[in-house]
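Just below is one structure, and these are the notes that go with it.
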Amino acid sequence: MKKLVAFLLALVMALSLAACGGNGGSSGGSGDTGSSGGSSGDAGSSAAPTKLTLILRAGTYADVIKECLPAFEAENNVTCEVQELSESDLYSGIALDAINKEGTYDLCMVDGSWMAEFTENGVLANLTELGYALDEDVIPATTAICYVDDQLYLAPYYGNVTVLMYNKANVEAAGYAPDQIRSLDDLLAICKSAQESGKKGFIYRGDNQNNLVVDFLPILLSFGGWVIDEANKPTVNTEEFKAAMNCYLELIATGEAQVKDDLIASVDTGAGTMGIGWPGWYTPTADSTADYIALSGAASAGAEAYNSNVYGIWTIGVPNNSQHKDLGVKLLSYLMDAEVQKGTVPSGGVPCRYSSLQDAEVLAAYPQYEVVCQALESGMYRPVIAEWTQFYTILGTEMDNIVNGVKTVDQGLADAQANLEQLMG
Amino acid sequence: MRKNRLPHTAESSARRFGAGMISPTILVLLVMTAYPLLFTLFYSFTDYNLLRNLQKPASFIALGNYTKLLSDAYFRQAILNTVKFTLLAVIFEMLIGFAMALLVNSLTRGQKVMRTLLLLPYLLPTVTVALSWRMMLSPNYGIVNQVMETLNLPVFNWFSDMRTAFGMLLLIDVWQSAPFVFLLLYAALQSVPQTQYEAARIDGAGAVKSLFYVTIPNIKNSLALCALLRTIDSFRLFDKVNLLTGGGPANTTSTITQYLYNYGIKSLDFGFGSAGAIVMTVLVLILSSLYIKRAMG
């Protein structure tokens with residue numbers, strides 16, 4: 001009996017090894033085919049398709065890319081595997097793969113704020129060297145962070161920019177029309193009016209440091225402040241920052257902190273009145289209860305109007321250790337094509353292109369793209385510094401303390417300034 | 001002479017055979033446990049950053065990471081939060097799990113059904129648990145606030161309010177992990193000899209006396225094991241915090257692991273993160289040693 005069991009076990013093991021060996025051989029084979037890169041991709045349908053791996057931000061951002069892939073796959077004899085991740089997982093996914101000599105990914109989606117860190121450390125391939133250039137149809141301001149020393153590393157793909165998302169009925173009940181919201185004082189008046197009628201005013205995302213900082217930046221910009229100066233020195237303990245913080249505290253006192261999904265639901269249902277949002281979150285229609293506008297950039301009536309729209313643009317690039325750089329660039333060029341990008345609009349795509357955002361047909365169906373286009377023309381990228389992750393963690397932590405009354409504005413900002421100066425050397 | 005050498009040779013050979021047999025296990029343990037620990041310890045003395053390391057190798061900074069870590073008020077707050085959470089979670093989970101085990105063990109019918117139902121929360125993935133509770137406690141469409149509003153009770157923004165966020169995390173952890181305690185203690189209760197209960201009853205002991213003089217002494221090793229496992233697990237709490245509060249509001253729910261994620265892992269500063277991991281390991285060992293000593297003694 002024991003011999004029989006031993007024989008059966010040996011047989012199972014031999015079969016398993018044989019099966020593994022078979023797979024290994026086949027994957028090795030496909031790997032070989034893959035590593036021949038562009039030539040195999042172009043070789044025609046007789047060769048095995050090359051596999052490209054894309055690492056993207058989950059949500060509409062990835063969805064619009066996925067819908068474009070079948071045509072590219074058919075045309076270039078490739079198959080595309082897509083990994084869709086949250087923002088933090090996407091960042092660590094790209095970074096962890098960057099240390100490998102042979103990378104897994106052939107196209108990656110990159111947040112503008114990671115650009116400095118990625119290019120300083122050679123994570124991204126030089127697109128100029130690979131023969132790709134942006135055309136003039138792309139909104140110039142959105143390309144600001146895509147170049148290092150005139151060399152292109154990224155292409156602005158999804159035009160996310162902060163907007164003011166509001167509930168139409170609540171704003172109307174406060175006696176305002178959308179085009180009458182001209183300053184932060186108007187926002188405060190509307191939110192206070194909503195609060196008096198038993199609704200919540202301003203909803204903000206307080207669930208992590210990044211969201212706290214990003215939602216606040218448009219308010220800070222409206223006061224003429226910013227988080228660093230031209231020499232990359234922190235400027236969070238300034239009069240402008242304090243004034244913006246005090247205004248923000250007044251605004252959020254009319255509402256409460258919620259996570260993104262709750263914020264959207266609140267504004268949509270009218271339980272909440274407004275909040276800082278992104279076009280990728282919500283697609284307003286003529287019948288929808290909510291809509292969005294670009295912030296005016298003025299703190300109060302008659303005050304100077306600053307550029308207060310903050311970019312959250314999702315750019316696309318090719319990792320430097322990609323095994324199929326040529327095909328990666330080919331895919332990038334295809335995805336950035338004006339017609340292909342315009343085709344993504346009905347699915348929620350927001351191209352950084354005039355030909356899409358100013359197209360008469362597009363505007364007839366999606367009038368909000370006029371606002372998005374204006375915001376994209378004059379947006380601000382978050383600071384392009386390699387320490388941005390640590391920077392927003394420190395600033396967000398102190399802002400969280402201020403918002404929750406653990407520290408005063410003066411104390412919190414002084415602590416933030418000291419810690420940030422230490423970080424930035 | 002020959003007679004003396006024979007047993008010695010046999011003993012040596014047996015020893016060699018034993019060592020040969022155990023060496024694969026020791027090798028696996030060394031590779032899987034000792035190596036990562038030594039690796040982490042080594043990097044805790046460097047300024048290793050995953051991305052920066054591509055251009056510039058990590059430098060040795062001696063105790064720099066430890067000094068920075070221990071002088072950071074937010075890390076000290078994270079240690080306090082973690083210890084507070086661990087103590088409260090272990091106490092509540094042990095009490096509730098033990099009560100559940102006693103209840104189910106005393107049932108004459110329906111034990112299997114009750115056992116399965118009570119175990120369900122423990123079988124769910126933590127992400128599912130966290131997201132389900134987030135939906136139930138949502139300030140917009142959450143059933144909890146709706147019920148409270150109907151009953152004219154005050155409603156809260158549970159995960160964003162400093163008064164409630166920590167308590168909610170504790171509640172969710174207890175809800176999910178008490179069944180684990182129940183399972184272990186229920187199995188232990190099954191092995192308590194019924195004759196001891198009968199003897200206690202004949203001696204006039206009531207239910208409470210039977211509990212303290214028969215039940216608990218018989219399952220004390222299982223109780224210690226449960227407490228040890230729950231302590232280690234609670235100390236490493238991360239996923240629920242990261243998904244539900246991110247350590248906020250105002251660091252009131254920040255645990256050691258969440259702190260390490262925010263300040264070390266997220267920014268890829270693995271040198272700093274490694275120092276935090278070493279400090280955490282030492283703290284877990286100190287806490288666990290009390291239980292281990294008691295269980296082994």
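Bear in mind that the values in this text are calculations on the coordinates, not laboratory data. This one's a predicted model, so the numbers in the text were calculated from it and none came from an experiment. Here the Cβ is made from the backbone with ideal geometry for all residues, glycine too, and neighbour counts use every protein chain on show.
Of B:S71, B:L50, A:L212, whose Cα points farthest to the positive end of the dipole of the protein assembly as shown (charges on the beta-carbon: +1 Lys, Arg; -1 Asp, Glu; origin at the Cα centre)? Working it through, the farthest residue towards the positive pole turns out to be B:S71.
Which is farthest toward the positive dipole end of region B:48-191 among B:I96, B:L151, B:A130, measuring Cα position about the Cα centre, with Cβ charges +1 (Lys, Arg) and -1 (Asp, Glu)? With unit charges placed on the Cβ atoms, the residue in question is B:A130.
Subtracting the Cα-Cα distance of B:D72 and B:F238 from 0.36 nm times their residue separation leaves 57.8 nm of extension gain.
Annotation: amide H-H contacts under 5 Å for A:H324 (H modelled 1.01 Å from N, sequence separation of 5 or more, or interchain): none.
Ordering A:C352, A:C68, A:C373, A:C191 by the number of other Cβ atoms within 10 Å of each residue's own Cβ, fewest first, gives A:C68, A:C373, A:C191, A:C352. Close amide-amide hydrogen proximity is noted between A:L52 and A:T79, A:C80, A:E81, each under 5 Å apart and 5 or more residues distant or on a separate chain (H modeled in the peptide plane; Pro and chain starts excluded).
Note on the protein assembly as shown: antiparallel DSSP beta bridges, both residues inside, total approximately 60 percent of the bridges counted.
Evaluated over the Cα positions of chain B, the convex hull gives a direction-averaged projected area, one quarter of its surface, of 26.6 nm². Region A:126-177 and region A:329-366 have Cα centres separated by 13 Å.
Summary value for chain B: 29 percent relative contact order, contacts being C-alpha pairs under 8 angstrom separated by 6+ residues.
Please compute the net charge surrounding B:G276, taking Lys and Arg as +1 and Asp and Glu as -1 over other residues with Cβ under 13 Å from its Cβ.
Working: positive: B:K68, B:R76, B:R236, B:K266; negative: B:D72, B:D269.
It works out to a net charge of +2.
Here's how it looks for A:N309: its modeled amide H is under 5 Å from those of A:M380, which are all 5 or more places away or on a different chain. The 3J(HN,Hα) values that the Karplus relation (6.51, -1.76, 1.60; θ = phi - 60°) gives for region A:161-166 are, in residue order, 8, 5, 9, 9, 8, 9 Hz. Gly and Pro appear as x.
Would you compute, from DSSP H runs of 4+ residues alone, the mean residue ellipticity of chain A at 222 nm, taking -39500 (n - 2.57) per run and dividing by the full residue count, rounded to the nearest 500? Computed mean residue ellipticity for chain A: -14000 deg cm²/dmol. Helix-only arithmetic for chain B: the sum of -39500 (n - 2.57) across DSSP H runs with n ≥ 4, divided by the residue total, places the mean residue ellipticity at 222 nm at -22500 deg cm²/dmol. Positive contributions from Lys and Arg (+1) and negative ones from Asp and Glu (-1), summed over other residues with Cβ under 12 Å from the Cβ of A:L332, come out at -1. Within the shell of other residues whose beta carbon sits under 15 angstrom from the beta carbon of A:V362, the net charge comes to -3, with Lys and Arg scored +1 and Asp and Glu -1. About its Cα centre, the protein assembly as shown has a charge dipole of approximately 5440 debye under the convention of +1 per Lys or Arg Cβ and -1 per Asp or Glu Cβ, with nothing else charged.
Peptide A:396-408 is shielded by partner chain Cβ atoms: per residue, an average of 4 of them sit within 10 Å of its Cβ. In order along region A:126-132, the phi-based Karplus estimate (6.51 cos²θ - 1.76 cosθ + 1.60, θ = phi - 60°) of 3J(HN,Hα) comes to 7, 5, 4, 5, 8, x, 9 Hz; Gly and Pro are listed as x. Evaluating 6.51 cos²θ - 1.76 cosθ + 1.60 at θ = phi - 60° for every residue in region B:58-74, the Karplus couplings come out as 5, 10, 7, 10, 6, 9, x, 5, 5, 4, 4, 5, 6, 8, 8, 4, 6 Hz, glycine and proline recorded as x.
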